[in-house]
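> The structure follows.
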Amino acid sequence: MTICLVTKIHILKNFYNLLYQPDWRFMDSKKNTRQVLEGFPAISQEFRNLAVVYQEVIANAAREVADGMAEYLQKQVESVQDLDKYCDYVSCSLTRGLSVILSVSGLEDPIVGEDKRLSNSFGLFMQKTNITRDFLEDQLNGQAFWPKEVWSKYGKNLSDFTKPENSVPALQCLNELITNALQYVPDVLLYLSRLRNKSVFKFCAVPLTMAIATLATCYNNQQVFKRKVKIRKGQAVTLMMDTTDMQAVRAITCQYVEEIYRKIPLTDPSSEQTRNILATIRKLITPNGTTDSAKSGNWLLEDLYIHT
């Protein structure tokens, strides 16, 4: 954010070529991540040491990400379609590239790299989780990635959501965006179920469980508009340790699906859509779509109450 727009766009547009220049570095950043830019020759050297097939995938992903970032530095996210396009640029490009690398390397089956829809869903889910959580940080940086098509239903200005008198519509907007992100969970679970290498599985599954935990923490949580909401450090460590296989992923997902369901406000405009997507996820992660008879009964009673 400390680099002027003209300089930033020029570097972004040419970044994938800079990977092949041994001496390129950037010395004018003021951010705490400046070490990456100042020490970039060490990174680009490792890139050039890779087999050409990997270089091509990485360079192509870098080009797509940089093009998208440059485009959205100069335009606003107006619609949900804009948001999807932005996420495709900056996140799905990476998950598609990662999937191809996993397949080409022989660590995973060819289908992992070939099924672009699942790779895209993984990227969309992760990026939309971050965008939803980072509302306040982006506002403070003069940025906005929540689509106007959604937030304009709940207020005149996105910045108004930080005001206490707008807490109800702010939460309703937040809940709609979280529901939008949850739609990708079934695809992400299928993506993970195809992974065979244990290290690869954990590398992909831990971010998923942390993202689901983050959405559960953010759902209907007014703190999103007051500070950056994060899962607790102990919670994060537990997730890293417990996310070992698909059975564990299903159990963790089920835990946070239940948590979100319990927090759905009766009057929330997205409540029915939220319950529907949670029910879909629930059917995928538990036998016969239930965790146990008591919980199943509770959900049924709640639904009967809500719809009468």
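> Taking the 0 to 90 degree range and rounding to the nearest ten, how far is the long axis of helix 233-242 tilted relative to the main principal axis of the chain, both from C-alpha atoms?
On a 0 to 90 degree scale, this one is about 90.
> Something else: What do you get for Rg/Rh of region 196-258 when both radii come from the Cα atoms and Rh is the Kirkwood radius? Mind showing how you got there, number by number?
Working: Rg = 12.5 Å, Rh = 12.3 Å.
Ratio of gyration radius to Kirkwood radius: 1.02.
> Gain in length, D160 to E78, computed as 0.36 nm per residue apart minus the alpha-carbon separation, to one decimal in nm?
Numbers: separation 82, 0.36 × 82 = 29.52 nm, distance 1.71 nm.
Stretched fully, the D160-E78 segment lengthens by 27.8 nm.
> Here's another thing I want to ask about it. Is the shape of region 22-106 rounded, prolate or oblate, going by the alpha carbon gyration tensor and its root eigenvalues a ≥ b ≥ c, with a/c under 1.5 for rounded and a/b larger than b/c for prolate?
Oblate, because a/c is 1.5 or more while a/b does not exceed b/c.
> Identify which of T280, T179, T217 has the largest mean-square fluctuation in a Gaussian network model of the chain, with springs joining Cα atoms closer than 10 Å.
Per the Cα network of the chain with a 10 Å cutoff, T280 tops the list.
> Here is a further query. Suppose the Debye formula is applied to equal point scatterers at every Cα of the chain; what is log10 I(q)/I(0) at q = 0.08, 0.10, 0.12 Å⁻¹?
-0.40, -0.63, -0.91
> Among N180, N17, N49, which one shows the highest mean-square fluctuation when the chain is modelled as a Gaussian network with alpha-carbon springs under 10 Å?
N49
> Taking the alpha-carbon set of region 108-253, what are its Rg and Dmax in Å?
Expressed in Å, the Cα Rg and Dmax of region 108-253 come to 16.6, 53.
> Could you tell me how many degrees, from 0 to 90 and to the nearest 10, lie between the Cα long axis of helix 40-49 and the main elongation axis, the longest principal axis, of the Cα atoms of the chain?
Helix 40-49 and the main axis of the chain meet at about 90 degrees.
> Round to the nearest 10 and give me the degree value, 0 to 90, for the angle of helix 271-285's Cα axis relative to the longest principal axis of the chain.
80 degrees
> Based on the Cβ-Cβ distance from V104 to F47, what FRET efficiency comes out when R0 is 22 Å, to the nearest 0.05? Mind showing how you got there, number by number?
Values: r = 16 Å, r/R0 = 0.72.
Result of the calculation: an efficiency of 0.90.
> Additional query: Accessible area per residue for the chain in Å², computed with a 1.4 Å probe and the full protein assembly in place, what is it?
Result: 51 Å² of accessible area for each residue.
> Starting from the Cα of Q222, step 7 Å along the direction of its Cβ; do the same at K148; then give the gap between the two resulting points in nm.
Taking the two extended label points, one gets 2.9 nm.
> Further, regarding this structure: Roughly to the nearest percent, how much of the accessible area of region 151-216 is carbon and sulfur, given a 1.4 Å probe?
Details: 1440 of 2620 Å².
Of the solvent-accessible surface of region 151-216, carbon and sulfur hold 55 percent.
> Using only DSSP helix segments of four residues or longer, with each worth -39500 (n - 2.57), what per-residue ellipticity at 222 nm results for the chain after dividing by its residue count and rounding to 500?
Working: 17 runs with 206 residues, N = 308.
The helix-only estimate for the chain comes to -21000 deg cm²/dmol at 222 nm.
> Now a separate question. Subtract the Cα-Cα distance of R232 and Y54 from 0.36 nm times their separation in residues, and report this length gain in nm to one decimal.
Stretched out fully, the R232 to Y54 stretch lengthens by 60.5 nm.
The values are calculated or read from the model by the stated rules, or taken from the named source; none is laboratory data. This one's a predicted model, so the numbers in the text were calculated from it and none came from an experiment. Methodologically, a virtual Cβ is constructed for each residue, glycine included, from the backbone with ideal geometry; neighbour enumeration extends over all protein chains shown. Side chains are part of the model used for accessible areas, which takes the heavy atoms of the whole protein and leaves out ligands, DNA and RNA. Shrake-Rupley method; radii C 1.70, N 1.55, O 1.52, S 1.80 Å.
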